[in-house]
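Trainee: Quick one: structure below, then a few questions.
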Amino acid sequence: AQTVTQSQPEMSVQEAETVTLSCTYDTSENNYYLFWYKQPPSRQMILVIRQEAYKQQNATENRFSVNFQKAAKSFSLKISDSQLGDTAMYFCAFMRFGDSNYQLIWGAGTKLIIKP
Amino acid sequence: SAVISQKPSRDICQRGTSLTIQCQVDSQVTMMFWYRQQPGQSLTLIATANQGSEATYESGFVIDKFPISRPNLTFSTLTVSNMSPEDSSIYLCSVEGLAGGLETQYFGPGTRLLVL
């Protein structure tokens with residue numbers, strides 16, 4: 001069975017700083033997808049970034065990038081030039097490649113606070 | 001990505017009553033998912049609802065407590081029956097989707113339920 005671990009319950013940084021959220025996972029699968037979702041206080045769960053395990057190149061989306069270390073089963077999220085609007089819960093999630101059931105395995109989440 | 005709406009956005013209910021939550025999508029989807037999220041916690045999948053078939057419930061969730069309807073490809077309801085204070089949670093609807101060609105899930109804004 002797959003598991004996803006986020007070891008940082010809460011983090012806070014000053015606006016404009018760079019912050020890295022950690023995520024590790026356990027799986028015996030070779031192909032899979034990894035996701036970072038953001039849930040601001042408004043509750044809307046928003047997909048931030050995604051990574052295919054068979055791609056070595058780290059995914060980037062504007063100020064958001066990941067450091068994907070497949071051998072170490074690590075998938076950290078880096079937020080550059082953090083903004084007040086980045087304040088949210090961040091969830092790491094795993095999905096098996098080709099899962100017709102679209103099942104996501106979720107981490108416990110990291111609460112990120114951006115301070116002005 | 002799909003646009004998903006949920007009704008109601010929040011409600012306060014008395015114990016012993018039932019509440020039906022609606023989830024509407026702006027496009028046809030095969031799979032819809034219902035999650036429960038306790039305050040400050042991660043997401044727990046309640047069930048997967050495919051149009052034209054019975055919902056598939058996860059361990060710990062039963063149809064008598066959480067009946068689900070899926071009458072067409074754009075709509076689903078989740079009923080929380082015979083509520084108790086322990087049912088106080090955020091209930092999220094999500095749907096299958098593709099993000100850059102990768103299977104993923106897109107989420108509605110959630111329903112915040114408080115049971116007194």
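The values are calculated or read from the model by the stated rules, or taken from the named source; none is laboratory data. Since we're looking at a predicted model, the values are computed, not measured. Neighbour counts run over all protein chains shown; Cβ positions are idealised from the backbone, glycine included.
Trainee: Taking the condition free of Cβ contacts under 8 Å to residues at least 60 places away in the same chain, away from chain A (no Cβ under 14 Å) and under 25 Å from A:Ile46 (Cα atoms), does B:Asp26 pass? Spell out how you get there, then give the answer.
Mentor: Values: free of Cβ contacts under 8 Å to residues at least 60 places away in the same chain: yes; away from chain A (no Cβ under 14 Å): yes; under 25 Å from A:Ile46 (Cα atoms): yes.
So B:Asp26 fits the description; yes.
Trainee: If you go through the range B:103-115 one residue at a time, do you hit one that is more than 17 Å from A:Gln103 (Cα to Cα), modelled with pLDDT under 95 and more than 14 Å from every other protein chain (Cβ to nearest Cβ)?
Mentor: no
Trainee: Still on this structure, I have one more. Here is a list of conditions, (1) within 14 Å of chain B (Cβ to nearest Cβ); (2) of a type outside the set (Val, Ile, Thr); (3) free of Cβ contacts under 8 Å to residues at least 60 places away in the same chain; (4) loosely packed, with under 15 Cβ neighbours inside 10 Å, and A:Gly98 meets all of them except one; can you say which number that is?
Mentor: Here A:Gly98 clears every test but (3).
Trainee: Moving on. Among the residues of the range A:46-65, write down those that are at the interface with chain B (Cβ under 10 Å from one of its Cβ atoms) and assigned to a loop (DSSP other than H, G, I, E, B).
Mentor: A:Ala59
Trainee: What are the residues in the range B:56-78 that are part of a loop (DSSP other than H, G, I, E, B) and β-branched (Val, Ile, Thr), if any?
Mentor: Hits for the range B:56-78 are B:Val62, B:Ile63, B:Thr74.
One line per residue, one yes/no per condition, for (1) hydrophobic (A, V, I, L, M, F, W, C); (2) buried (at least 18 other Cβ atoms within 10 Å of the Cβ); (3) without any contact (Cβ under 8 Å) to a residue 60 or more places away in the chain:
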{"position": "A:Ala16", "(1), (2), (3)": "yes, no, no"}
{"position": "A:Thr24", "(1), (2), (3)": "no, no, yes"}
{"position": "A:Ser42", "(1), (2), (3)": "no, no, yes"}
{"position": "A:Leu112", "(1), (2), (3)": "yes, yes, no"}
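Trainee: Just one of A:Arg63, A:Arg50 is crowded, with 19+ Cβ neighbours inside 10 Å and basic (Lys, Arg); which is it?
Mentor: Within the list A:Arg63, A:Arg50, the selection yields A:Arg50.
Trainee: Read through the list (1) surrounded by fewer than 20 Cβ atoms within 10 Å (Cβ to Cβ); (2) within 14 Å of another protein chain (Cβ to nearest Cβ); (3) in contact with a Lys or Arg (Cβ under 9 Å, 6 or more places away or on another chain); (4) modelled with pLDDT of 95 or more, then give the number of the only condition that A:Ala108 fails.
Mentor: (3)
Trainee: Also: Looking at B:Phe33, is it part of a strand (DSSP E or B) and closer than 21 Å to B:Lys7 by Cβ? Don't jump to the end; show me each part of the working.
Mentor: Working: part of a strand (DSSP E or B): yes; closer than 21 Å to B:Lys7 by Cβ: yes.
Yes.
Trainee: Filter the range B:31-43 down to the residues that are polar (S, T, N, Q) and surrounded by 13 or more Cβ atoms within 10 Å (Cβ to Cβ), then identify the one that is farthest from the chain's Cα centre (by Cα).
Mentor: By that ranking, first place goes to B:Gln41.
Trainee: Continuing with the same structure: Only one of these is over 22 Å from A:Lys111 (Cβ atoms), away from chain A (no Cβ under 14 Å) and not polar (S, T, N, Q): B:Met83, B:Met31. Name it.
Mentor: Numbers: B:Met31 fails: away from chain A (no Cβ under 14 Å).
From the options B:Met83, B:Met31, the qualifying one is B:Met83.
Trainee: Determine whether B:Leu114 is in a strand (DSSP E or B), surrounded by fewer than 18 Cβ atoms within 10 Å (Cβ to Cβ) and touching a strand residue (DSSP E or B) at 6+ places or on another chain (Cβ under 8 Å).
Mentor: Details: in a strand (DSSP E or B): yes; surrounded by fewer than 18 Cβ atoms within 10 Å (Cβ to Cβ): yes; touching a strand residue (DSSP E or B) at 6+ places or on another chain (Cβ under 8 Å): yes.
It is true that B:Leu114 is in a strand (DSSP E or B), surrounded by fewer than 18 Cβ atoms within 10 Å (Cβ to Cβ) and touching a strand residue (DSSP E or B) at 6+ places or on another chain (Cβ under 8 Å).
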